[in-house]
1. Which residues, taken from region 17-41, are outside any strand (DSSP E or B) and either in contact with an Asp or Glu (Cβ under 9 Å, 6 or more places away or on another chain) or closer than 28 Å to S206 by Cβ (or both)?
2. Would you point out the residue of region 101-131, among those that are of a type in the set (D, E) and out of contact with any Lys or Arg (no Cβ under 8 Å at 6 or more places or on another chain), that is surrounded by the most Cβ atoms within 10 Å (Cβ to Cβ)?
3. Would you pick out the residues in region 56-81 that are of a type in the set (A, V, I, L, M), under 23 Å from I17 (Cα atoms) and in a helix (DSSP H, G or I)?
4. Look through E154, E179, E146 and report the one residue that is assigned to a loop (DSSP other than H, G, I, E, B) and of a type outside the set (G, A, S).
5. I'd like to know if region 35-47 contains one or more residues that are among the hydroxyl-bearing types (S, T, Y), crowded, with 16+ Cβ neighbours inside 10 Å and assigned by TED's automatic domain parsing to the domain that holds I120.
6. Within region 104-134, count every residue that is of a type outside the set (S, T, N, Q) and more than 19 Å from K169 (Cα to Cα).
7. Just to check your reading of the model, which residue among S84, S53 is polar (S, T, N, Q), in a helix (DSSP H, G or I), touching a helix residue (DSSP H, G or I) at 6+ places or on another chain (Cβ under 7 Å) and surrounded by 15 or more Cβ atoms within 10 Å (Cβ to Cβ)?
8. Which fully enclosed helices (runs of 4 or more DSSP H) of region 234-329 have 2 or more residues being among the aliphatic types (A, V, I, L, M) and farther than 28 Å from K342 by Cβ?
Amino acid sequence: MVYDNKLQELALKLFSIDAVKFGEFMTKSGIKTPVYFDLRVIVSYPAVMDLISTLLYEFAVKDSKCDHLCGVPYTALPVATLLSVQAKKPMLMRRKEAKSYGTKKMIEGHYKVGQKCLIIEDVITSGSSVMETVKDLRNEGLVSDEAIVILDREQGGKENLESNNVQVKSLFTMSGLIEILLANGKINQEMATKVHDYLKGTKAPSTVQPVNRMALTYEDRSELATSPIAKQLFTIMASKKTNLCLSVDLTSTTKILDLLEKVGEHICLVKTHVDIIEDFSEDFISSLKQLAARLNFLILEDRKFADIGNTVLQQYLKGVYKIGEWADCVTVHSLPGEGILKALNGSTNGVSRGVFLLAEMSCEGNLITPEYSVATVKMAEKYPDLITGFVCQKKDTFSNPGLIQLTPGVQLENSKDDLGQIYNTPEKVVVENGGDVMVVGRGIVAAKSPEIQAVIYKDALWKCYLKRVSGKME
């Protein structure tokens, strides 16, 4: 009862300071409206600010498990500041645009990847302003799935946000606010009816729901890919019905070619470590390329480049191996920074080549942090034609459906070798963790019958993919 009384008190105060206006107005979403909610004036009324922050705290913040608060710029910032102090929870600030100097960050404040941020907003119509903030928070690796607002205009914003996995709580709905003002003689029945009719007949445009790459087929994703190599690989996977990558960690060219002759029809990609081959020759490369063309698979050299741009360029184009002449794609560490991608991006001379950036590793005790993974994905955004995808273990490492998740460490049963390599089952890797192309090495290479084992892996992995895209995940 006390809470309801305070809500009524707030509604009347907002009316008295012209934070609620009646007439003919235009919202940010381009919708004409007979009622307008303008909270920018509340900064001049400390008592109103105090009442709003107290109600929001009791309503949603007090029991929230969030690590941070973030106000949608700019009107909600002072309210978020008061709530941060009251709740003793750190606040983050989202910029409207990144600075052109310094850190160039969109989100200011101290935080860690994986922490949860509660969004504070004044009014939602379409929900677009909240979604802009959600996007920037999620780009930094923060969990952003809850927002509290002072007023929900009931024009589709809540539904739009919930379709984007953001749950919304509001102090007022527009119809509830109107009822309070009508009951207290602040507006007449004619105006109340006009607003109610308006709410029924006018909805905000829907915001675009993020594409869930887990639910899309390889054919659909090939249409969304900007990298020519990613497009080609998606097409091969769909036509051959295989998402199996074979890691041929053998030291003999004859053994490598013999193995690929047997299993090449069952794979979409072969992963080589060319620098362990003891009898490397140009004839081997010629035979490898012929096999790849005949059996329709691509070649990935798992070089894991990790030096300054100029050095990597030489390693890629020169030396004994001349990797850039025959490998469709290579693996690259983001550790040296963007220079490594700049170098490779300018080295292809019009030939389509791709890069898988290492965002995570499958070996126990590796030093890649969640922050490093987020920075790696962000670095890739500037090179849409070059980046084929990411070597990673988790489905939420990236969201772009046009990129490919290459996941190593796959065996039919969970296990770990003596050197810390962790293996996961096809079900876990594909259905739970979002793998698109799965790397199998010793599980096939060391088998008594590699061809039979390749078919077993191919069928198991493809079955898991079909389960994933059908949406019938348990």
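The values are calculated or read from the model by the stated rules, or taken from the named source; none is laboratory data. The model shown is predicted, which means the values in this text are computed figures rather than measured ones. Here the Cβ is made from the backbone with ideal geometry for all residues, glycine too, and neighbour counts use every protein chain on show.
1. In the first step, residues of region 17-41 are kept if they are outside any strand (DSSP E or B); the result is 17-19, 27-31, 38-41.
Passing the criteria: D18, A19, T27, K28, S29, G30, I31, D38, L39, R40, V41.
2. So the first thing to find is which residues in region 101-131 are of a type in the set (D, E), and the list is 108, 121-122.
Remaining after also requiring out of contact with any Lys or Arg (no Cβ under 8 Å at 6 or more places or on another chain): 121-122.
Working: E121: 27, D122: 22.
Of everything passing the filter in region 101-131, E121 is surrounded by the most Cβ atoms within 10 Å (Cβ to Cβ).
3. Here is the first cut: in region 56-81, the residues of a type in the set (A, V, I, L, M) are 56, 60-61, 69, 72, 76-77, 79-80.
From what's left, under 23 Å from I17 (Cα atoms): 56, 72, 76-77, 79-80.
Correct list: L56, L77, V79, A80.
4. Working: E179 fails: assigned to a loop (DSSP other than H, G, I, E, B); E146 fails: assigned to a loop (DSSP other than H, G, I, E, B).
After ruling out the rest, the residue left standing is E154.
5. Step one: list which residues in region 35-47 are among the hydroxyl-bearing types (S, T, Y), which gives 36, 44-45.
Pick out the ones that are also crowded, with 16+ Cβ neighbours inside 10 Å and you get 36, 45.
Filter again for assigned by TED's automatic domain parsing to the domain that holds I120, leaving 36, 45.
Yes, region 35-47 contains at least one residue that is among the hydroxyl-bearing types (S, T, Y), crowded, with 16+ Cβ neighbours inside 10 Å and assigned by TED's automatic domain parsing to the domain that holds I120.
6. Pass one, region 104-134, residues of a type outside the set (S, T, N, Q): 104-114, 116-124, 127, 130-132, 134.
Narrowing the set further to residues that are more than 19 Å from K169 (Cα to Cα) leaves 104-114.
Of the residues in region 104-134, 11 are of a type outside the set (S, T, N, Q) and more than 19 Å from K169 (Cα to Cα).
7. Details: S84 fails: touching a helix residue (DSSP H, G or I) at 6+ places or on another chain (Cβ under 7 Å).
One residue alone meets the criteria, S53.
8. On the way: elements: 253-263, 282-295, 309-317.
Correct list: 253-263, 282-295.
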